[in-house]
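> Have a look at this one.
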Amino acid sequence: METVLILDFGAQYSQLIARRVREQNVYCEVKPCSISPDEIRELAPIGIILSGGPQSVYESVSLHVDPALFSLGIPVLGICYGCQLMAYSLGGTVAAATEATAREYGKTLTEFDTESAIFHGLPASSVTWMSHGDYISQVPDGFTVTAKTAVCPTAAMACPEKKLYGVQFHPEVQHTVQGSEILRRFLYSVCGASGDWTMADYGYPLHPRQRGGSVPLEARRRHRSGDEAQDHRRGIHPCV
C-alpha cells in the first residue's frame, strides 16, 4: 500500500495533517520523529512530511531527525518547524525573528514561485497561515527560495533534484487558501501517489464530506478530536 509518513515533532496539528493527506485519497501514518532511517526504509513510504513543533531547531533540547533521512531518496515536505529543521540539518541558517523582521502570526499574503512543483498552476500570491518566531535566513546549498512574504524572506524553499520541499506556513489549516492544493501537488506531482485509497479501505465508513454530501453540525462536532476539539471549545477555528 502506498504510504506517506508524518513525523511528529510535538505539533498541535499533526493529526490534522494526516486528515488532510487522507482526504486526498492517500494513506498515511503518524510516527514519532525519533524513527530511524532504517525503520523508514523498511516501511518504504512514497513520501515523508515533517510536522510543525513548538521548539527552536537551534536549541540543545529541540527534537531532531537523523540527517540521513534527507538522503534516502524519498520526497520530504517540511512544514513550519519541519521546514526549519530541514534547512538547519542541511547547512542552512535559522535565526530568531523579531517584530521588525520575520515574526508572523495569522493570515499572511504570500508570494509563490509557480515554477516550483508544489505551487505549479496556483495563483502567484495567496493568503497563508503563519505561526513562527524563527525564520530561515539562509537556505542550504542546492535549495532555492520558492515563496516569500513582506517580512519573511523564506516562506518556502525547494531542492527539486532531491525532492526536498519546505513551507514556513501551515498548508493543513483552512486559513491557507491554497493549502489543500499545495499538499495535493506534493502528494501527486512529487511523491507520485496514485490516489486509490479511501477511508473505507481502513475499515471505517466514509465521512460525509468524502462522499460528496454536506456535513451536519453535530457530525462535524463528533468528528473533531484532540487539539481541534480544544480549539473549538476556545473559539479558535483555523483548521475547520
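The values are calculated or read from the model by the stated rules, or taken from the named source; none is laboratory data. These numbers come from a predicted model, not from an experiment. With ideal geometry, Cβ positions are generated from the backbone for all residues, glycine too; neighbour counts draw on all protein chains shown.
> Of the residues Gln84, Gln55, only one is more than 24 Å from Glu2 (Cα to Cα), at pLDDT 95 or above and under 18 Å from the mean Cα position of the chain (by Cα); which? First the steps, then the outcome.
Details: Gln55 fails: at pLDDT 95 or above.
Answer to the check: Gln84.
> Would you check which residues across the stretch 95-121 are touching a helix residue (DSSP H, G or I) at 6+ places or on another chain (Cβ under 6 Å) and of a type outside the set (Val, Ile, Thr) and list them? Break it down stepwise before answering.
Restricting attention to the stretch 95-121, the residues satisfying the condition of being touching a helix residue (DSSP H, G or I) at 6+ places or on another chain (Cβ under 6 Å) are 117-118.
The one that is touching a helix residue (DSSP H, G or I) at 6+ places or on another chain (Cβ under 6 Å) and of a type outside the set (Val, Ile, Thr): Ala117.
> Report, by residue number, each residue of the stretch 10-36 that is out of contact with any Ser or Thr (no Cβ under 8 Å at 6 or more places or on another chain) and over 27 Å from Ala96 (Cβ atoms).
Matches in the stretch 10-36: Ala18, Arg19, Val21, Arg22, Val26, Lys31, Ile35, Ser36.
> Same structure, new question: Take the residues in the stretch 17-55 that are of a type in the set (Val, Ile, Thr) and over 15 Å from His170 (Cβ atoms), then tell me which one is surrounded by the most Cβ atoms within 10 Å (Cβ to Cβ).
First, the residues of the stretch 17-55 that are of a type in the set (Val, Ile, Thr): 17, 21, 26, 30, 35, 40, 46, 48-49.
When the remaining residues are screened for being over 15 Å from His170 (Cβ atoms), the result is 26, 30, 35, 40, 46, 48.
Numbers: Val26: 24, Val30: 16, Ile35: 17, Ile40: 20, Ile46: 20, Ile48: 28.
So the residue we want is Ile48.
> Turning to a different aspect of this structure: If you check Gly106, Gly78, Gly73, which single one turns out to be in a strand (DSSP E or B) and under 17 Å from Val4 (Cβ atoms)?
Numbers: Gly106 fails: under 17 Å from Val4 (Cβ atoms); Gly73 fails: in a strand (DSSP E or B).
Of the residues listed, the single one that is in a strand (DSSP E or B) and under 17 Å from Val4 (Cβ atoms) is Gly78.
> Taking the stretch 131-167 only, how many residues are within 18 Å of Phe70 (Cβ to Cβ) and not β-branched (Val, Ile, Thr)?
Residues flagged as within 18 Å of Phe70 (Cβ to Cβ) and not β-branched (Val, Ile, Thr) within the stretch 131-167 amount to 16.
> Please work out if Ser131 is in a strand (DSSP E or B), on the phi < 0 side of the Ramachandran plot and of a type in the set (Gly, Ala, Ser).
So Ser131 passes the test.
> What do you reckon, is Ser126 assigned to a helix (DSSP H, G or I) and more than 13 Å from Met86 (Cα to Cα)?
For Ser126, the condition - assigned to a helix (DSSP H, G or I) and more than 13 Å from Met86 (Cα to Cα) - is not met.
> Right, another one. Go through Pro153, Pro171 for me and flag whichever is part of a loop (DSSP other than H, G, I, E, B), at pLDDT 90 or above and more than 18 Å from Gln12 (Cα to Cα).
On the way: Pro171 fails: more than 18 Å from Gln12 (Cα to Cα).
Matching residue, one of Pro153, Pro171: Pro153.
> If the requirement is being within 16 Å of Val167 (Cα to Cα) and part of a loop (DSSP other than H, G, I, E, B), which of these qualifies: Gly52, Gly10?
On the way: Gly10 fails: within 16 Å of Val167 (Cα to Cα).
Exactly one residue qualifies, and that residue is Gly52.
> Of these, Arg20, Arg41, which one is among the basic types (Lys, Arg) and touching a helix residue (DSSP H, G or I) at 6+ places or on another chain (Cβ under 7 Å)?
Details: Arg41 fails: touching a helix residue (DSSP H, G or I) at 6+ places or on another chain (Cβ under 7 Å).
The conditions single out Arg20.
> Select from the stretch 58-76 the residues that are more than 18 Å from Leu164 (Cα to Cα) and of a type in the set (A, V, I, L, M) and write down the one among them that is surrounded by the fewest Cβ atoms within 10 Å (Cβ to Cβ).
Applying the first criterion (more than 18 Å from Leu164 (Cα to Cα)) to the stretch 58-76 yields 58-63.
With of a type in the set (A, V, I, L, M) added as a condition, the list becomes 61, 63.
On the way: Val61: 6, Leu63: 18.
Ranking the candidates gives Val61 first.
> Taking only the stretch 77-94 into account, find how many residues are within 20 Å of Gly10 (Cα to Cα), surrounded by fewer than 24 Cβ atoms within 10 Å (Cβ to Cβ) and out of contact with any helix residue (DSSP H, G or I) (no Cβ under 8 Å at 6 or more places or on another chain).
Number of matching residues: 1.
> Let me ask something additional. For Phe119, all conditions in the list (1) aromatic (Phe, Trp, Tyr); (2) surrounded by 14 or more Cβ atoms within 10 Å (Cβ to Cβ); (3) assigned to a strand (DSSP E or B) hold save one; what is the number of the exception?
Of (1) aromatic (Phe, Trp, Tyr); (2) surrounded by 14 or more Cβ atoms within 10 Å (Cβ to Cβ); (3) assigned to a strand (DSSP E or B), only one is false for Phe119: (3).
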